[in-house]
1. Would you say ASP188 is of a type outside the set (S, T, N, Q), under 30 Å from MET22 (Cα atoms) and either modelled with pLDDT of 95 or more or in contact with a Pro (Cβ under 9 Å, 6 or more places away or on another chain) (or both)?
2. Could you give me the residue pairs with C-beta distances under 7 Å whose first residue belongs to the stretch 118-134 and is within 28 Å of PRO168 (Cα to Cα), whose second residue is surrounded by fewer than 21 Cβ atoms within 10 Å (Cβ to Cβ) and of a type in the set (S, T, N, Q) wherever it lies, and which are 6+ apart or on separate chains?
3. Please state which one of PHE171, PHE175, PHE151 is in contact (Cβ under 8 Å) with a residue 40 or more places away in the chain, buried (at least 18 other Cβ atoms within 10 Å of the Cβ), farther than 18 Å from VAL126 by Cα and of a type outside the set (Gly, Ala, Ser).
4. Just one of the numbered conditions (1) in a loop (DSSP other than H, G, I, E, B); (2) more than 14 Å from the chain's Cα centre (by Cα) is not true of PHE213; which one?
5. Here is a check on your reading of the model: is GLY114 part of a loop (DSSP other than H, G, I, E, B) and surrounded by fewer than 16 Cβ atoms within 10 Å (Cβ to Cβ)?
6. Out of all the residues in the stretch 144-171, which are in a loop (DSSP other than H, G, I, E, B), more than 17 Å from the chain's Cα centre (by Cα) and more than 15 Å from GLY203 (Cβ to Cβ)?
Amino acid sequence: MTYHGAVKVGGTPDVRELPLLMITKIAVGPMNNNAYLLRCRRTDAQLLIDAAADPETLLESVGDRLDLVVTTHRHHDHWGALHEVVRATGARTAAGRIDADGIDVPTDVLLDDGDRITFGDVTLTVRHLVGHTPGAIVLLYDDPKGHPHLFTGDCLFPGGIGNTWGDPHAFRSLFHDVESKLFSPLPDETWVYPGHGDDTTLGTERPHLREWFDRGW
């Protein structure tokens, strides 16, 4: 079946099959967060992005093995089930270095801009973006057999960058980082998996960058 990325809380997860990687997108409540389970197809090593809520639903998708849980940023709606998931699986935890102290579960791996996370045959590159929170990270999978895939947490959505709560400095910082670290180096085909809602591509959003900057949110 064709992956569409439109999932809802209580509904069926959507699965994308890449040559080396399986991506399962799961919507969990109560704030309609997206969690992403990544599985290396050769080794079955698994990584979860944002144990947001509803540990039972997440663990049903995880199954018997989970190697690492990466939290994209410190806001509680993105790690509300982290304690339960880690306790059930024994997985290690990772988060951006600057945001780790705002996550109420110990962080085993502190991540900085440019770091790489490897599980099985799959490698993700960390990008640190400042503005939505001080230490938010996004994860890039540069598929060697296809186009890049970008897991953006709350830093980039269809229609704009993440919330900066009317703070012009935070907005300019996040806009700069999104433009220079995501849009500038990556092609239009890059698929964007956000922390809430539907997916998009950089090519879909690129024509609107000036509009976003002018409106200031």
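1. Numbers: of a type outside the set (S, T, N, Q): yes; under 30 Å from MET22 (Cα atoms): yes; either modelled with pLDDT of 95 or more or in contact with a Pro (Cβ under 9 Å, 6 or more places away or on another chain) (or both): yes.
Judged against the criteria, ASP188 is a match.
2. Listed pairs, sorted by first residue: VAL130/SER173; GLY131/THR164; GLY131/SER173; HIS132/ASN163; HIS132/THR164.
3. Working: PHE175 fails: farther than 18 Å from VAL126 by Cα; PHE151 fails: farther than 18 Å from VAL126 by Cα.
That would be PHE171, the only listed residue that is in contact (Cβ under 8 Å) with a residue 40 or more places away in the chain, buried (at least 18 other Cβ atoms within 10 Å of the Cβ), farther than 18 Å from VAL126 by Cα and of a type outside the set (Gly, Ala, Ser).
4. PHE213 satisfies all of (1) in a loop (DSSP other than H, G, I, E, B); (2) more than 14 Å from the chain's Cα centre (by Cα) except (1).
5. Working: part of a loop (DSSP other than H, G, I, E, B): yes; surrounded by fewer than 16 Cβ atoms within 10 Å (Cβ to Cβ): yes.
Considered against the rule, which asks whether it is part of a loop (DSSP other than H, G, I, E, B) and surrounded by fewer than 16 Cβ atoms within 10 Å (Cβ to Cβ), GLY114 comes out as yes.
6. PRO144, LYS145, THR164, TRP165, GLY166, ASP167
A quick yes/no check of all residues on (1) buried (at least 20 other Cβ atoms within 10 Å of the Cβ); (2) in a strand (DSSP E or B); (3) acidic (Asp, Glu):
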position: VAL70; (1), (2), (3): yes, yes, no
position: ARG74; (1), (2), (3): yes, no, no
position: ASP77; (1), (2), (3): no, no, yes
position: HIS83; (1), (2), (3): no, no, no
position: ALA88; (1), (2), (3): no, no, no
position: ALA94; (1), (2), (3): yes, yes, no
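The values are calculated or read from the model by the stated rules, or taken from the named source; none is laboratory data. Just so we're clear, the structure is a prediction, and the values are computed from it rather than from any experiment. Note that each Cβ is placed from the backbone with ideal geometry, even for glycine, and that neighbours are counted across all protein chains shown.
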